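Any read-out appearing in this document is the output of simple, stated calculations on the displayed coordinates, not a laboratory observation. Quick caveat: nothing in here was measured; it's all calculated off a predicted structure. Don't worry about glycine lacking a Cβ; one is built from the backbone with ideal geometry, like all the others, and counts go over all protein chains shown.
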Amino acid sequence: MPSSAVTNRPEEVTARLGVGGGAAQGEALLKALREVKNQIIGNKTKKLLYLQLGAVPKIVSVLAASVASSLGGAGLEDAPVIVQAAAAIGSFACGVEDGVRAVLDAGAVPHLISILSHHDDKVVDAGARSLKMIFQSKMAPKYDVLQDKNLNFILSLLDSDNENVTELAACIIAHSCETNEEQKALCDAGVLQRLVSLLGGSSNQKDACLECIKAVVKDNSEVSSRFSCIGNGKALKALSDLIQDRYPYTRLLSCKCLIAIGHASPSYVEELQIKTKLVLVLAELLEEPGRVGDEAPFSLKKLIADNEELHKQALSINVIEKLCNFLHMSSIQSRRLQGILLALSELCSKLEKCRCQLLSPQVYSLNLEVRVLDLVIDSLEHDCAEVRAAACICIRNITRSLKNLSAGSLSNEAVVIRLVQLLYDPSSSIQLVALGALCNIIVICASRKSVLIRCGGVSQLVRLSTSMDSTLRLKSLSVLRNFLFLANTTDKECILKELSLHTLVSLLNDAEHSIQEQALALVNNLIDGCSSVEHIFTEKCYSLILDAVTRQLKQASSLGVCIQGMFVLSNIAAWSDFDKDSVTDYLIAYDDNHKPSLAIKFLQSNDKSLRLASLWCLLNLTNPSSAGSSRRVTKLQTAGIIFQLKSMLNDPCSDCKLRLRMVLEQCTEFETSQA
Amino acid sequence: MSKKVITRDEWERKLKDVKITKEDMNKLIMNFLVTEGYVDTAEKFRIESGTEPGVDLATITDRMTVKQALQSGNVEDAIEKVNDLNPTILDTNPQLYFHLQQQRLIELIRSGKIEEALEFAQEELAPRGEENQSFLEELEKTVALLVFEDVKNCPYGDLLDVSQRLKTASELNAAILTSQSHEKDPKLPSLLKKLIWTQNQLDEKAAYPKINNLTTAALDDPVV
């Protein structure tokens, strides 16, 4: 304030506030209240200043005193004081956390509630507006709607003629209704019917009611179904009409309502027709400025989640193009960018058509050199963590496109480098998604492997494979496994060097089956294509690894572990005579409890993949071109394996039947030659 | 590519075929008067044409005193009045509040109260820039006015124009209308914009009698 108006300095104004003592009275008090109010509205700095000066408790005490005196029928002169005090309190609670706290601590709420039944409309308005400000803050107390007294009070507010009051009621309900029990209590009390009838009011009232309806039906199938039955479907019709309201925000809110109902009780909003309309409306709302356009992509994502039919609908009305157009804008709000990336991710999650459209040249910008994919990749480095996460998910889903991976449209060094950077992100959920994307890319793009090594990706992957978080261990191991798929010797050596024998063995012995399985698959990829152990392991390494593998096979903690383990043995069984002998011994050994041997157990499995893997192993072991095969066949015969095989001639799986016959043929050759 | 030519006679015949009721025209006018806040005119128009304003004229009066205060440069008065009308408006419209504070500074500079202006800029405007970075550019422009001797002719001199007051007044008016659940834009200007757009579209396909002067709505003969 200019220095000439000395008496309006906050300190002095605050001194005049309060009840009794040195505080002002009558007209002077009213002036002081008005002065505070006018100084703080819109002005965060002044609010904080007055808060520090302790203005709030003083103002609340003035309010309390005036309310008491007003109820005592003292006079109309209380009304202006109440109005100013209430307005000031409401303003303190607007947008300033400390303000809300101060207002709540000072006990303002009960007094504000009591003036809602005042005879002077201006007083009621002031009270309702201030309470609305308070209840819009997360810090406001929950109104216990499970208590009859409270519920009746809320209902009475909803019945009011005063729109500020009905909006307040809707706001309180939306704020306080969390559990299914609370939602049901409100529904039982007829709140939904009342809210639907209020949808015919002004646009602000409509919006408040829509938000409230959504809060009451959300994630509650019983309440959602009951809503759909109101007026024999009239309530649903009212919502459907509102998706074409003249105001964008109202359209958005009604879409959100319908989406919430659709998710909670599918049968009522199941029709593809209404869902398609929602896709159309939301696609248009994407282009609205401000919060409507920011929130629209999130709602779109929710609507089409996991629904291929809706993905197709969206694709057919050019939603992908619309979304991509936003990516070209130089200054786009973080929230909106996050929403757009999430919506694009959802669209690319299942349908190849969608991924191709995103990657296709038609979705280039005016500046032809910039591809949509590059814009998404750029977002991997955005300041905002949520945007990085969304971009990461988008990339991961795009890389599900085998066609484009092979065609090299995704061969871009920058992707790998940025994804590796995200492996260092403080958020483990971002790390996980980055791992998912790398998993997809690294399988097919052999050229990306060198980039991964160069930028320190392998080191970080190995580090993550020893993380305390089992999901991180699993995912990073999957990337390493994929890296080793059809890898050359140099790459294999690189991994082994970084990974170290110790880590590999401990991963093979990991507490989680899924991790054991990935570790075994990794070993498989390591030994694949080798004709002897020396190609890849030292003797010591090899025996330690083999020990771990066979131990896991014995424990047989999961089907996947057994299958991968058998593949390892199959690969080894293709090596030297000595190796074949070791494998044979493992397979036919049985412990003192006379449990069946590994071979018998796996051949008798219900799972065809496990049977097949075992048959492959036996096929390699009994290969006629190997010198020791005949003695191995004898061992197998003695162990009852041949007998088991003969009993499987009617195996339901044709692949198994084929290999089974081949094994038996090979074994019979030896039997014949022996005889 | 040859364009189709429509003669004046043809055009006027087509215009005659378009039926617009007097009631609809009156509604458009009333909507304009109400939104822009011409209370007295709206009242007179209501009496003469029988068209209902659709809102309580008293609320228009409130809104108009705010607008008039601002248009006369009494920003503080306008702020007090809008806070009396609805204290939540300025609390929930940071950009509007900033523009009002900006206008206060402009008025202080206009009346030559430079020291007060400096203090005001420091105490009231600087915090706005701190609270919200997007205001910094405009803030800097306004504060720059303090540097120039000949303010009216400096690079940002247009901030001192009455048009700046009108701009802020319009913003404030729109915020009040929104808080009252009314549409903030009158329909008439939008219709005029649509007319211009439609003519531009048609220009590419045909030569026809065009309205070039919106104030007279005279039809100019087609240019062949």
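Things to note:
- Relative contact order of chain A, defined on C-alpha pairs under 8 angstrom at six or more residues apart (%): 4
- Positive minus negative residues near A:K142 (Lys, Arg vs Asp, Glu; Cβ under 14 Å): -3
- Each Lys and Arg contributes +1 and each Asp and Glu -1, all at the Cβ; summed about the Cα centre of the protein assembly as shown, the dipole is approximately 2560 debye.
- The stretch A:125-223: trypsin sites (Lys or Arg not before Pro) in DSSP loop, at most 15 other beta carbons within 10 Å: A:K138, A:K142
- Among B:L166, B:Q95, B:V5 the positive-end extreme of the charge dipole of chain B (Cβ point charges): B:V5
- Violating pairs (Cα-Cα greater than 29 angstrom) within the set A:K47/A:K301; A:K149/A:K302; A:K312/A:K449; A:K149/A:K214: A:K47/A:K301; A:K149/A:K302; A:K312/A:K449
- Using θ = phi - 60° and Karplus 6.51 cos²θ - 1.76 cosθ + 1.60, couplings along the stretch A:329-345 (whole Hz; Gly, Pro as x): 6, 6, 10, 10, 3, 4, 4, 5, 4, 4, x, 5, 5, 5, 5, 4, 4
- Over the stretch A:573-675, the hull volume per residue, using the convex hull of the C-alpha atoms, is 93 Å³.
- Around the Cα centre of the stretch A:1-134, unit charges on the Cβ atoms of Lys, Arg, Asp and Glu (plus for the first two, minus for the last two) sum to a dipole of about 340 debye.
- Basic side chains Lys and Arg get +1 at the Cβ, acidic Asp and Glu get -1 at the Cβ, and with that the dipole of the stretch B:9-103 about its Cα centre reaches some 280 debye.
- Applying a DSSP loop filter and a limit of 15 other Cβ atoms within 10 Å to the trypsin sites (Lys or Arg not before Pro) in the stretch A:219-287 leaves A:R246.
- Above-threshold pairs, the threshold being 26 Å between Cα atoms, out of A:K275/A:K475; A:K322/B:K141; A:K132/A:K256; A:K635/A:K657; A:K237/B:K194: A:K275/A:K475; A:K322/B:K141; A:K237/B:K194
- Working note: Karplus 6.51/-1.76/1.60 with θ = phi - 60° gives the stretch A:645-658 the couplings 4, 5, 6, 9, 4, 9, 4, x, 8, 5, 4, 4, 4, 4 Hz, where Gly and Pro are set to x.
- Between helix B:187-203 and chain B: long-axis angle, C-alpha atoms, 0 to 90°, nearest 10: 50
- Taking the Kirkwood radius as Rh and the Cα radius of gyration as Rg, chain B has a ratio of Rg/Rh equal to 1.10.
- Estimated from helices alone, the mean residue ellipticity of chain B at 222 nm is -19000 deg cm²/dmol (sum of -39500 (n - 2.57) over DSSP H runs with n ≥ 4, per residue).
- Mean residue ellipticity (222 nm) of chain A, computed from DSSP H runs ≥ 4 via -39,500 (n - 2.57), nearest 500: -21500 deg cm²/dmol
- Under 13 Å from the A:N325 label point (7 Å along Cα→beta-carbon), backbone N, the stretch A:266-306: A:283-289
- For the segment B:89-97, counting C-beta atoms of other chains within 10 Å of every residue's C-beta and taking the mean gives 4.
- Around B:A117: net Lys/Arg minus Asp/Glu count, Cβ-Cβ under 12 Å: -3
- Eigen-decomposition of the gyration tensor built on the alpha-carbon atoms of the protein assembly as shown gives equivalent ellipsoid semi-axes of 71, 35, 30 angstrom, largest listed first.
- The residues packed around A:R355, meaning those with a beta-carbon under 9 Å from its beta-carbon, carry a net charge of +2 if Lys and Arg are +1 and Asp and Glu are -1.
- If the chain linking A:L496 and A:A414 were pulled fully straight, counting 0.36 nm for each residue of separation and taking away their Cα-Cα distance, it would gain 27.0 nm.
- Integer Hz, Karplus 6.51/-1.76/1.60 couplings in order for the stretch A:188-200, x for Gly and Pro: 4, 7, x, 4, 4, 4, 5, 4, 4, 5, 6, 5, x
- Relative to the dominant Cα principal axis of chain A, helix A:489-499 is inclined by about 60°.
- Computed from the Kirkwood radius of its Cα pairs, the Stokes-Einstein diffusion coefficient for the stretch B:47-161 at 10 °C and 1.306 mPa s stands at 101 µm²/s.
- Set of aspartates and glutamates near B:K210 by C-alpha distance (under 15 Å), chain-local residues within fewer than 8 positions excluded: B:D9, B:E10, B:E12, B:D220, B:D221
- Neighbour count of at most 11 Cβ within 10 Å plus DSSP loop: longest trypsin sites (Lys or Arg not before Pro)-free window in chain B: B:20-204
- Annotation: amide H of B:A207 within the under-5 Å range of B:K4, B:V5, B:I6, sequence separation 5 or more or interchain, hydrogens built in the peptide plane.
- 0 to 90° range, to nearest 10: angle between helix A:248-264 axis and chain A longest Cα axis: 50
- P(r) for the stretch A:455-544, from all Cα pairs and a bin width of 10 Å, is 18, 55, 26, 2 %, short bins first.
- Farthest positive-ward along the protein assembly as shown dipole, Cα basis, beta-carbon charges - from A:I213, A:G560, B:V39: A:G560
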